[in-house]
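Chemist: The following block contains the structure, expressed as structure tokens.
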There are 2 protein chains.
Amino acid sequence: MPHEIDKIDRAILRILQTDITLSVDDISAAVNLSRNACWRRIKAMEQLGVIKGRVALVDPASVGLPLTAMVLIKTNAHDANWLKQFQTTLQSFPEIVGAYRMTGDLDYVLRVRVADVPAYDAFYKRLTSRISLSDISASFVMEEMKETTAVPL
Amino acid sequence: MPHEIDKIDRAILRILQTDITLSVDDISAAVNLSRNACWRRIKAMEQLGVIKGRVALVDPASVGLPLTAMVLIKTNAHDANWLKQFQTTLQSFPEIVGAYRMTGDLDYVLRVRVADVPAYDAFYKRLTSRISLSDISASFVMEEMKETTAVPL
DNA sequence: GGTGAAAGACATCCCAC
DNA sequence: GTGGGATGTCTTTCACC
């Protein structure tokens, strides 16, 4: 079970999820804690899975992937077999950076990173050849107005 | 203009965007490069903005924010004034972790991190009191099947 | 929770090739 | 681009209040 996360833990997380470049010294100073206590809290949160990992954020445009597509999917195949294949398919496509099962009208939403519209089309063909999806519609992101990995703490 | 990103740069990025815990020694070994050359490439990519930052990923459920809402917005106010206020509103709401202007039917999509449905409702009321939005519909994420910050390289 | 201190690992930078 | 090496900073782990 998740450990109790108190005010200080939240303050630490707020810093770490913005910039992990800072030293433990800097962080402990910012949250008014000793270097040691601060370090212990960070380690504990890593062990508990509150901190899931430390990653570098890559600018998609810089590596030739400026386009994001939101793919809305409806399906009528809801059996266990189909679901299993859908899940493995999701994992095998690196261009799928997000996949969500939704409430309401739409069944699934995918976030897809591609170079351009032709690249999306190629992705679309590969995807639909792998798994049956009764109704797909894509919408492209014209402008990324906000995008953060930081959770509101 | 972005520098040329070659195979080796991509290999480095593939590692860094997954786990930044590894030392430069480990990375250079993985991509068959000397520690020195590898370090220089990383620094260069940071300076060029290919690497946008280094962050810790926080598990939302562990901090009491297990629910994600996708908010689909249509508007008929498209003037510059409205847009400006919309943008500042987006930035001032930390629970909005993503905001996208879209092609097609929907005008905007928001990704919103909240504790539960009542918390979403409170957010909804605060949002609509701040800015006029002619048509909002929310859909909740039942299951996060895939979610990664790693770009397909 | 708070010292302080010690070990070693690591990033950083320089230079010669 | 490679390799070696100097330097200092940081992490990590102590023992102890």
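The values are calculated or read from the model by the stated rules, or taken from the named source; none is laboratory data. Please read these numbers as outputs of a predicted model, since none were measured by experiment. Cβ placement follows ideal geometry from the backbone for every residue including glycine, while neighbour counts extend to all protein chains displayed. Note: areas computed on protein heavy atoms with side chains; ligands, DNA, RNA excluded. Shrake-Rupley method; radii C 1.70, N 1.55, O 1.52, S 1.80 Å.
Chemist: If you take the residues of segment A:83-129 that are more than 19 Å from B:Val141 (Cα to Cα) and of a type in the set (Lys, Arg), which of them is surrounded by the fewest Cβ atoms within 10 Å (Cβ to Cβ)?
Modeler: A:Lys125
Okay, residues lined up against (1) within 16 Å of DNA strand D (Cβ to nearest atom); (2) touching an Asp or Glu at 6+ places or on another chain (Cβ under 9 Å):
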site: B:Leu13; (1), (2): yes, no
site: B:Ile20; (1), (2): yes, no
site: B:Gln47; (1), (2): yes, no
site: B:Ala56; (1), (2): yes, yes
site: B:Thr103; (1), (2): no, no
site: B:Tyr108; (1), (2): no, no
site: B:Ala115; (1), (2): no, no
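Chemist: A further question on this structure: Determine whether segment B:62-74 contains at least one residue that is within 15 Å of DNA strand D (Cβ to nearest atom), surrounded by 14 or more Cβ atoms within 10 Å (Cβ to Cβ), among the aliphatic types (A, V, I, L, M) and within 12 Å of another protein chain (Cβ to nearest Cβ).
Modeler: no
Chemist: Please verify whether A:Leu90 is in a helix (DSSP H, G or I) and more than 16 Å from DNA strand D (Cβ to nearest atom), treating the condition exactly as stated.
Modeler: Yes, satisfied.
Chemist: Out of the residues in segment A:19-49 that are of a type in the set (Ser, Thr, Tyr) and surrounded by fewer than 16 Cβ atoms within 10 Å (Cβ to Cβ), which is farthest from the other protein chains (Cβ to nearest Cβ)?
Modeler: Looking at the filtered set, the residue picked out is A:Ser34.
Chemist: Being more than 19 Å from B:Glu95 (Cβ to Cβ), without any contact (Cβ under 8 Å) to a residue 24 or more places away in the chain and open to solvent by 30 Å² or more (accessible area, probe 1.4 Å) is the filter here; which residues of segment B:130-153 pass it?
Modeler: B:Glu143, B:Thr148
Residue-wise test of (1) in a loop (DSSP other than H, G, I, E, B); (2) more than 7 Å from every other protein chain (Cβ to nearest Cβ).
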residue	(1), (2)
B:Ala99	no, no
B:Pro118	no, yes
B:Ala122	no, yes
B:Leu127	no, yes
B:Ala138	no, yes
B:Pro152	yes, no
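Chemist: Determine whether A:Lys52 is open to solvent by 70 Å² or more (accessible area, probe 1.4 Å), at pLDDT 95 or above, of a type outside the set (A, V, I, L, M) and more than 19 Å from the chain's Cα centre (by Cα).
Modeler: In short, no.
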